[in-house]
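Student: A single structure is presented below for examination.
The values are calculated or read from the model by the stated rules, or taken from the named source; none is laboratory data. Remember, predicted model here, so these are calculated numbers, not experimental data. Backbone-built Cβ (ideal geometry, glycine too); neighbour counts: all protein chains shown. Quick note on the areas: whole protein, heavy atoms, side chains included, nothing else; ligands and nucleic acids left out. Shrake-Rupley method; radii C 1.70, N 1.55, O 1.52, S 1.80 Å.
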Amino acid sequence: MTTGVLIIHGFTGGPFEIAPFKRFLENHTNWKIVVPVLPGHEMDLGVQKGSAKSWMMVGELALRKLQKEVDDVIVVGFSMGGLIAMYLALRYPIKKLILLSAAAKYISPRILLDDARIMMRSFRRKNYPTDSFYHLYNYKLTNTPVRVAIEFLRVLRLVRRYYHQVKTPVFIVQGEQDGIVPAFTAELLYEQLGSKEKHLIYSKNGKHHICYSEDRHVWFPKVLKFMDED
């Protein structure tokens, strides 16, 4: 039996967001791993193009292609990619579902303000914190039209009404210090998803970019074990 993994990145982000987890999987498995770039999310551009429909379509096409090449497919979604991953789980047979900082709700004001202060100091000093992407997000967010932000909300509104219909075995990972997606979101998802097999891990110091958390060496193997189980 061959296994394929489809990993979907977040809004205004890109494959760099999940690169450490992808490398971990590559080092510990022989699985086929696919990470498509959603329309308008190319590294040298702001999110000038793209829509809820086009993002979901790219995820869907990547999944269909992968399903033709392997026996089982696991879908991993980061942030907005978690919403798209759940959408795919509603429509296609998927072996496992991994939700990383899934954007079922968004923005924890207190933590976001703390991060914003770090960001502003970094801008002045031209010295960005280790494993942060403030320099990328500053450019992308300041070049993101309101129209495209509304498209993100369309993805959220489309998927959230169907959480209870997701039956795929699921593993949720959430950072307690996430400034974009409030930590309580993970528990809400855990309760609302219709899956019989559900797992939830909190990263105590993890922020939104959970794949770069200090404790990733702890939860990466746990997620892999879940992914590898029949």
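Student: Determine which member of the set G206, G194 is surrounded by fewer than 16 Cβ atoms within 10 Å (Cβ to Cβ), part of a loop (DSSP other than H, G, I, E, B) and not basic (K, R).
Tutor: It is G194.
Student: Would you be able to say whether some residue in region 171-187 is of a type in the set (G, A, S), at pLDDT 90 or above and in a helix (DSSP H, G or I)?
Tutor: Scanning region 171-187 turns up at least one residue that is of a type in the set (G, A, S), at pLDDT 90 or above and in a helix (DSSP H, G or I).
Student: Still on this structure: For R110, are the conditions met, namely being part of a helix (DSSP H, G or I), open to solvent by 80 Å² or more (accessible area, probe 1.4 Å), at pLDDT 55 or above and not aromatic (F, W, Y)?
Tutor: No, not satisfied.
Student: Only one of these is in contact with a strand residue (DSSP E or B) (Cβ under 6 Å, 6 or more places away or on another chain), closer than 24 Å to L200 by Cβ and surrounded by 24 or more Cβ atoms within 10 Å (Cβ to Cβ): I94, I84. Name it.
Tutor: Working: I94 fails: surrounded by 24 or more Cβ atoms within 10 Å (Cβ to Cβ).
Answer to the selection: I84.
Student: Out of (1) surrounded by fewer than 23 Cβ atoms within 10 Å (Cβ to Cβ); (2) under 16 Å from K95 (Cβ atoms), the odd one out for L158 is which?
Tutor: The number of the failed condition is (2).
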